[in-house]
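Input: a single structure, listed below in structure tokens.
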Amino acid sequence: MATEEETRLLSTDEVNQLLDTWYPEGAVEKVKVLIVEDDQATRLLYNRGLFDQVFDKKLTPSGREALRLYDDWHPDIVLLDIFLSEMTGYQVLKEIRTTLSDRKTVIVMATSLSGRDDVLSCIKLGADGYITKPFPCGEIGAKILGYYAKREPDRAKTATALCTVIAKQTRLQSLRKS
């Protein structure tokens, strides 16, 4: 049985102090994630599920704006919906992989399409991963970091460890409130 000290909820300052002890300021660079999603509710889920202490996020509902942000910001990961206004996710993916010749950025498609042909089309265009909506909010960080680990195993491992600490604190906080 866990002691009270082991299950004690840490304050935000205590969590940040603990993280600073493990990963001093500047020692860990946040993982930059460009989220391209036109549904406001889903954007809110991404924002909640991708912890600010681990992820530097930019969100846009537009494929064209995504390409502009991609070019200006150079994200580590692009989380890309397929059904977008102006340009589809397929077009954005093709632009990044073919026209811009970027094979380094991890691109994860996130869509309600779950058919085998849909997944294969994305893989053929160069997607690194595929997430079917809906998904549990608390799992999105681990899912995209799993794909990111294939390119950047050390950074992904550190980010995953940080997410685990933060998620534990979030669960404890939820239990305390109920």
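Annotation: amide H of residue 35 within the under-5 Å range of 58, 59, 60, 79, sequence separation 5 or more or interchain, hydrogens built in the peptide plane. Stretched out straight at 0.36 nm per residue, the stretch from residue 41 to residue 91 would grow longer than its current Cα-Cα span by 15.7 nm.
Kindly flag which residue pairs out of 32/150; 57/150; 94/157; 58/133 have an alpha-carbon separation exceeding 22 Å in this structure. Result: 94/157 exceed 22 Å.
Evaluated with a Cβ-only charge set (Lys, Arg +1; Asp, Glu -1), segment 17-160 carries a dipole of roughly 380 debye about its Cα centre, given to the nearest 20.
Considering only Cα atoms, the convex hull volume of segment 14-173 works out to 108 Å³ per residue.
Every read-out reported here was derived from the displayed coordinates using simple, explicitly stated rules and does not represent laboratory data. No experiment lies behind these values; they were computed from the predicted model shown. Cβ atoms come from the backbone with ideal geometry, glycine included; neighbour counts cover every protein chain shown.
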